[in-house]
C-alpha cells in the first residue's frame, strides 16, 4: 500500500521556518551537526520567490543538507522529493536530491543509490527545480532504487563543485507518486477488454485502436489466439504477444514503440511473414529509418517480392535501411528458373526493343536474354503483351532480323524488381545464404544510390546482384564479400556472376569476390572501382582465365585503382552497342588503371591482364592511362600484359591518342609494354638509315606514331672516325607492321642514340 493510504505518516519534513535545528550538515542521524549552530546557514524571510527560505554558503567539497526527520519507506511506495533553488552570489554549485537509507535497527544501508541527478544553475537568480524519485523497483523514471531493505530515510540536498557560492533553498516537499508506477506494473491492458476476439476471423481494428487510446503508457496484451485486423493499423503502445495477429497483405502493421524484428516474429509467428510485414511498416511509417533484424536468421522458402510485400507503393524515395541479419534459402522448387524460348525480331534502329514475340505473355520482366548477337547481362525490363514487345536493358550488337531468343528468369532471395523506382535504399551487415539454389538481390527497375555495405552473399546459384534496368544509378557496394558455389570448377565452366550494372556512377569499394565466372559486368560510365580483391583462378595447369571486370561501353570514363586483380583480367568491349562499328564519337576512351596488383599463376603464355575486344570495325583508342601497377606471373611467364581480342574485329592502330603506359612493374612478363617507350640504339656500322625496332613493346603491339626525344649518347662518327654534328630526321610507322622508326642521316655514320617513341599522336 502507498503512503497516501496511511494518514498518520508524515512525508514532508519540517519547513526551514520551523527551525534550522531540524536540519543537519551530515546524514541527518542523531548526533550529526545542526545548521542552527552553523555560520554557513541562515534563515531568510521575505524572499521574492520563496518567502521564508534557507540561505547556505558552500564551504566544503560536498556540502550536505539532511532532515533529522525519519521519512518512512513502505512496500510498493515511490516518493518524489523536490524543491526549488537559486544562486545569489559566488560560484555555481551542482545541486542534487540526496538521502540516507536506514534500517529499523538504525543501521545504514549503504549499497543502495542515495543521490539523484544533478542540476547546475547558469545565472544568478535563476529558478531551478531539483527532484528525484525514490522507490523499490528499477523502473523508468526512478532515480534512487532502494529495494525492500530500507525502512526510512533522511532526505535533503547535496551541493557539489566549487566552493564559495551562496544558494537559497526552498523548503523540501515529499509526495507519494506510487500510482504512476503501480499503473505500469500491475495494469497491462488486455485487448479483449475492448472487444477483441481471437478467432482469426472477427475484425479487431476498433478493439486494438480503443485499447491503444486507453493505454496511457501501459502495455497491450495480445493473449492466446489469432486476432484478425482488417486494415492497416498503427499502434503507439508497446505490446506483449502471447497470441498472433493476421492482416491483409496490403495492410501495414506499424508498431511505433516496438519496431524491432523480434516483436514482429512474436506478432505473426513466422519469420518470413514477419520480415515482410516489418518491411511494409518501414516503408509506411516516418517513425523509423531502419529495420534492425537483431542478428536473426530468417528462413526463406521462396523469393521475397519486396514490392508485393508493401503492395500499395510502386516507388520509394526516402532513405531506408535493412541491417544486422541473415536470410537462409530453404530447398524447394520455388527457386527453379523460369525459361521461355520465343521468336522475335530486332532492329538496331530501335536498339532496346524486341518485337513480334510469339509468346510474350510467358516472358517475365527481369529475365536474362540470350541469343545470337546478344551481349552479356542483358535483361528484360518490361513486357507489353498487347504489342508483343519486350524492352531490354541494353542494345544487341549483332541480332538484326528474326531469331529465337531464350529468356531465363532467375529467382532472388530479395527481389526489388517490382518497384518502378527505389532511391537511397541500403542493406547493411546482411548475410544472404543462397545455398547454391537461390540468387541474391535483384534491384528495382529504376532509382539511384542503392547501397550495400558490409554484406555477404554466399553461394548464389547464378547471380549475386542483378540490375535489370536503371535501379543501379549511383550504386554503392562497400566492403562486401561474394562467395561462389563453383570454386571447384574450371574457370571457363562457371556460370555465376557476382554483380552487374547498367547505369552510370557505380562505386565498387573494398569488396572481395572469389572464383565467379565474372566479378562485375559494368555497362555504364563514370565508375570508381577501388580496393577490391577478385580471384578467379583454378587448379588447372595452363588454365583458362576469364574477365574479372568487363566494361561494355567504349567511352567508359572510369577509374580502376588499388585493386588486387587475381587470376583474371579487365576486359573492355562495346558488346552493348547496336551499331558496333565506329562512325563518330570518342570510341574506346577514358579509362584509368592505376596502382593495382595484377597476379596470375598456372596460365598459358597468351594470357593478358588487359584485353580490348572491339565488336565493330575502325575503333581507335584514346585517353587510356595504365600507370603504377604491379604485374606478376608465377608458375610460368606470360607474353605481355595487354592484348586485343581480334575474334570479331581489330583496333585501328593509326587512331591512338593520349595513351599513358608507364611506371609499371613487371615480373615474369616477357614483353614489357610502355608508352612513351624509352630506347637506346647502338649503331655499330656506319649507315645513313638507322632502323629502330620497338620489339613490339608499344602497348597493344601498336604502331610507332610519334617520338618525344632524340639525343646522341655518344659521338656520331663517320667510318673514318670523323665527328659529325648533322641533325637527322625520323621516319615513323616504318617497317611491315609500322611499329619501327627510321633515323635518316645525310651521310653514313655510326654511334649511340637515346630516344622515346610513342604509339599515340
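The values are calculated or read from the model by the stated rules, or taken from the named source; none is laboratory data. As the structure is a computational prediction, the values presented were derived from the model and not from experiment. We place every Cβ from the backbone using ideal geometry, glycine too, and count neighbours over all the protein chains shown.
Observations on the structure shown:
- Filter result for residue 291 (surrounded by 18 or more Cβ atoms within 10 Å (Cβ to Cβ), outside any helix (DSSP H, G or I) and at pLDDT 95 or above): yes
- Tally of residues being crowded, with 19+ Cβ neighbours inside 10 Å and within 52 Å of the chain's Cα centre (by Cα) across region 64-83: 6
- Candidates in region 156-195 are the residues that are in a loop (DSSP other than H, G, I, E, B) and closer than 16 Å to residue 82 by Cα; of these, the one that is modelled with the lowest pLDDT is 177.
- Tabulated pairs, region 612-625, first on the phi > 0 side of the Ramachandran plot, second assigned to a strand (DSSP E or B), C-beta under 6 angstrom, 6+ apart or interchain: 618/652; 623/589; 623/590; 623/658
- Single residue of region 84-97 satisfying the filter (within 17 Å of residue 15 (Cα to Cα) and crowded, with 22+ Cβ neighbours inside 10 Å) that is nearest to the chain's Cα centre (by Cα): 97
- Checking each residue in region 695-709 for being at pLDDT 95 or above and touching a strand residue (DSSP E or B) at 6+ places or on another chain (Cβ under 7 Å) picks out 697, 698, 699, 700, 702, 703, 704, 705, 706, 707.
- Residues located in region 567-596, provided they are surrounded by fewer than 17 Cβ atoms within 10 Å (Cβ to Cβ) and farther than 21 Å from residue 506 by Cα: 579, 581, 583, 584, 585
- From the options 198, 156, 217, 165, residue that is farther than 21 Å from residue 69 by Cα, in the same structural domain as residue 53 (by TED's automatic domain parsing) and out of contact with any helix residue (DSSP H, G or I) (no Cβ under 6 Å at 6 or more places or on another chain): 165
- Which listed residue, of 134, 109, is within 30 Å of residue 215 (Cα to Cα) and in the same structural domain as residue 21 (by TED's automatic domain parsing): 134
- Test: residue in region 221-230 that is closer than 30 Å to residue 71 by Cβ, modelled with pLDDT of 85 or more, crowded, with 16+ Cβ neighbours inside 10 Å and touching a strand residue (DSSP E or B) at 6+ places or on another chain (Cβ under 7 Å): no
- In this structure, residue 733 does not qualify as surrounded by fewer than 16 Cβ atoms within 10 Å (Cβ to Cβ) and closer than 30 Å to residue 594 by Cα.
- If you go through region 442-453 and pick out every residue that is buried (at least 24 other Cβ atoms within 10 Å of the Cβ) and either at positive phi or touching a helix residue (DSSP H, G or I) at 6+ places or on another chain (Cβ under 6 Å) (or both), you end up with 1.
- Matching residues, region 421-441, being part of a strand (DSSP E or B), under 16 Å from the mean Cα position of the chain (by Cα) and crowded, with 20+ Cβ neighbours inside 10 Å: 422, 425, 427, 430, 432, 440, 441
- From the options 129, 201, 213, residue that is under 20 Å from residue 79 (Cα atoms) and surrounded by fewer than 17 Cβ atoms within 10 Å (Cβ to Cβ): 129
- Number of the condition not met by residue 620 [criteria: (1) farther than 26 Å from residue 349 by Cβ; (2) assigned to a strand (DSSP E or B)]: (1)
- Filter result for residue 626 (in the same structural domain as residue 546 (by TED's automatic domain parsing), under 37 Å from the mean Cα position of the chain (by Cα), within 30 Å of residue 713 (Cβ to Cβ) and at pLDDT 95 or above): yes
- Residue match in region 559-566 (condition: surrounded by 19 or more Cβ atoms within 10 Å (Cβ to Cβ), assigned by TED's automatic domain parsing to the domain that holds residue 642, outside any loop (DSSP other than H, G, I, E, B) and in contact (Cβ under 8 Å) with a residue 60 or more places away in the chain): no
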